Structures are given as C-alpha cells and as structure tokens.
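Asks: Would you mind keeping the following structure in view while I ask a few things?
The values are calculated or read from the model by the stated rules, or taken from the named source; none is laboratory data. Note that the coordinates shown come from a computational prediction; the quantities given were computed from them, not determined experimentally. With ideal geometry, Cβ positions are generated from the backbone for all residues, glycine too; neighbour counts draw on all protein chains shown. Note: areas computed on protein heavy atoms with side chains; ligands, DNA, RNA excluded. Shrake-Rupley method; radii C 1.70, N 1.55, O 1.52, S 1.80 Å.
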Amino acid sequence: MISILLATYNGEKYITELIESILSQTHQEFILYINDDKSTDSTYKIISEYAQRFPKKIIVTQNEVNVGGAKFNFLRMMIEHKDDYIMLCDQDDIWLPDKITKSLAKIKDMEKEYGRSTPILVYTNLTVVKDNLEVITYSYEKMANKNFDKNSLNYAVAMNNTAGCTAIYNHALSDLFQVVPEFTVMHDWWLYLTAAAFGKISAIHYPTVLHRQHKGNVSGAKRVLSPGYIYYVLTHLKKMASMIDDSYKQAEAFIKMYGDKLTSENAELIGAYASLRNLSGIKKLKTVRKYKTYMHGLARRVAQKWILIGFKG
C-alpha cells in the first residue's frame, strides 16, 4: 500500500484541484493522509468534507496548535506514517494522472536490484506553472540547472537535488525517521540526505507534477542560468553564506542523530562538511576539494568558493 502525506496550511485556493488530481490517478491503491497545521481559512473544512466523502481513501487530522512551518508538519507525518511506500505532496500542485504509476514502477525496479531492505528514494522532474497553470518551464531540472543523476552523498550534503512534492520512498527508508532532527533546512533535504547516506537514489527525468510558482511558496524554482539570477547570487553573498551555514548545521544534526549508524566513510564525509563552520578559509577550500562537496551550478559554485575563503561582499 502507498501512503500519500499532505501537510496543509491555509491552502483553500488550490487544495481541491490537488485532491481531485490524486483521486484521478491511474493507480488507486493508496491512502491520502492530510494533516492540517491549524489553518485560519477554509482548508480544514474542505479536506474534512473530502474525508467524509471518501472515508476509505482520505484520512484527515489537525494539529492542536500551529507547529511553525510545513517542514515540521511534514517531518511529524514522516515519523508517524510507515508503509510499503510513502509519497509527499504540496497543497497547491496538480499531479499528472500517471504520477503514482510511474513512480511506483521505478522504485519497485530499484528494490529488485538492491533489495527491499535497502532504503530507496525516487524523485521526478516537474513542470513549473503560474497560478493559472500557464507553463513557465516544462523542466525544473533544466530551469534550476541541476543534474538529477548526481545523487551521491558529497552532493547531497551540500545541496538538495530533490523536490519533496515529487518523491516516493520505501519502508526501509521510512524506518530511519524516528524523531524530529535538532535542525534541518527542509524536510525534503533531510529525506534526500538520509537516502544518500544509507541507501540508493534515482530520478525520473520527465515531470509528474504541475508545480505552481507563486508568492505563497515556501521555496521557489528559479532560472539559475539567467543573468539576473547570477547577478543576484554574486551580489548577495551574505544571504548565500547564511544558506551555506545552515547546510553545515544540518550536517551537524545529521551526525548527532545517525553517527553510530553511518559507515566510517560516510561519517567522515559528513563530519568533515559539518566542521567547515570552524575552519579558516584555506582549510575550508582544501576540505571541500578533498571530499568534493561542491554546490551545483556555476553561479552557486563560484559564490561558494568566494564564501569559503571569507569574501561575503
């Protein structure tokens, strides 16, 4: 069985379209779990009505108090729900009809190759659209200048390659989520990092989701090859430095949680990355070069090198 996890908060505008797209999937063996983070609009009313209409398909709960963001809502759901396969979704997206079918086929192929006891994550490309579903780009992978084939730990520790709203992972990976980490940038990065450290990751390069890009997004897709984005990154190094520092803090939290479970090689790599906060510029550069913990994309990598040597604008 597949558990689909949806964390909602003030999503009344698009939530109906999302749920209808899930209910219209070509693969129907799933349960949609929706946990609302104390919405102040009509979101909880809408999802509760769906749960009444489809009691065997949709289960709705609500937090007693707001937990402070989508990542915490998702993390709690990821800890609570264990199934053969788990999928995550965002409240303002639309799933293409064969999203579950394609994702499930891919992860089952990987389990045949590596075994069901191996933690496995599969994620897909997505089509970025405006509020009215006008296409911005058919390929988030190209728009964000990411290489979905680069999923080794040295990449995962430095930068998130996956969008959680496209992810499916197996029971073996879900078993690793037991408590909320002391710190994480986002729930999907924690998912991605955990899979890279303990298991296998693969990507589907074609889109399975229409992902709305609007002002309410917690994080957004950006045209990272555009002159405007490159200029922005290189003239806002303090902001980039803060983001990189958060990735060090996340690595520290990861070592605290999983240090005794990691292979010595992976523990060394993540520990070395976490230690960058306390090293001088030259030592930082040498450590990054040794473990190849580079960010993706030309502009980000240039900014990363400048920040490593201490230049922050």
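Asks: Yes or no: Thr118 open to solvent by less than 40 Å² (accessible area, probe 1.4 Å), polar (S, T, N, Q) and part of a strand (DSSP E or B)?
Replies: no
Asks: In addition: For the range 29-39, indicate whether the set of residues that are under 23 Å from the mean Cα position of the chain (by Cα), under 23 Å from Leu210 (Cα atoms) and in a helix (DSSP H, G or I) is non-empty.
Replies: So far as the range 29-39 goes, no, none of its residues is under 23 Å from the mean Cα position of the chain (by Cα), under 23 Å from Leu210 (Cα atoms) and in a helix (DSSP H, G or I).
Asks: Find the residue count for the range 271-301, including only residues that are within 24 Å of Ala144 (Cβ to Cβ), open to solvent by 50 Å² or more (accessible area, probe 1.4 Å) and in a helix (DSSP H, G or I).
Replies: 2
Asks: Quick one: which of Leu32, Leu18, Leu23 is open to solvent by less than 70 Å² (accessible area, probe 1.4 Å) and touching a residue at least 40 places away in the same chain (Cβ under 8 Å)?
Replies: Going through Leu32, Leu18, Leu23 in turn, the sole match is Leu18.
Asks: Any idea how many residues of the range 238-260 are acidic (Asp, Glu) and touching a residue at least 40 places away in the same chain (Cβ under 8 Å)?
Replies: 2
Asks: Search the range 119-164 for residues being out of contact with any Pro (no Cβ under 9 Å at 6 or more places or on another chain) and small (Gly, Ala, Ser), and hand back the single one that is farthest from Phe198 (Cα to Cα).
Replies: Taking the candidates together, the pick is Ala144.
Asks: So, in the range 139-185, how many residues would count as being of a type in the set (A, V, I, L, M), more than 11 Å from Val122 (Cα to Cα), open to solvent by less than 30 Å² (accessible area, probe 1.4 Å) and assigned to a loop (DSSP other than H, G, I, E, B)?
Replies: Number of matching residues: 4.
Asks: Starting from the range 169-182, keep only residues that are closer than 23 Å to Lys249 by Cβ, then list their pairs with residues that are crowded, with 18+ Cβ neighbours inside 10 Å and among the β-branched types (Val, Ile, Thr) whose Cβ atoms are within a distance under 9 Å, requiring at least 6 positions of separation or different chains.
Replies: Pairs found: Leu173/Ile86; Leu173/Ile120; Leu173/Thr194; Leu176/Thr194; Phe177/Thr194.
Asks: Right, next: Go through the range 63-113 and give me each residue that's of a type in the set (A, V, I, L, M), within 13 Å of Thr208 (Cα to Cα) and open to solvent by less than 10 Å² (accessible area, probe 1.4 Å).
Replies: Met87, Leu88, Ile100
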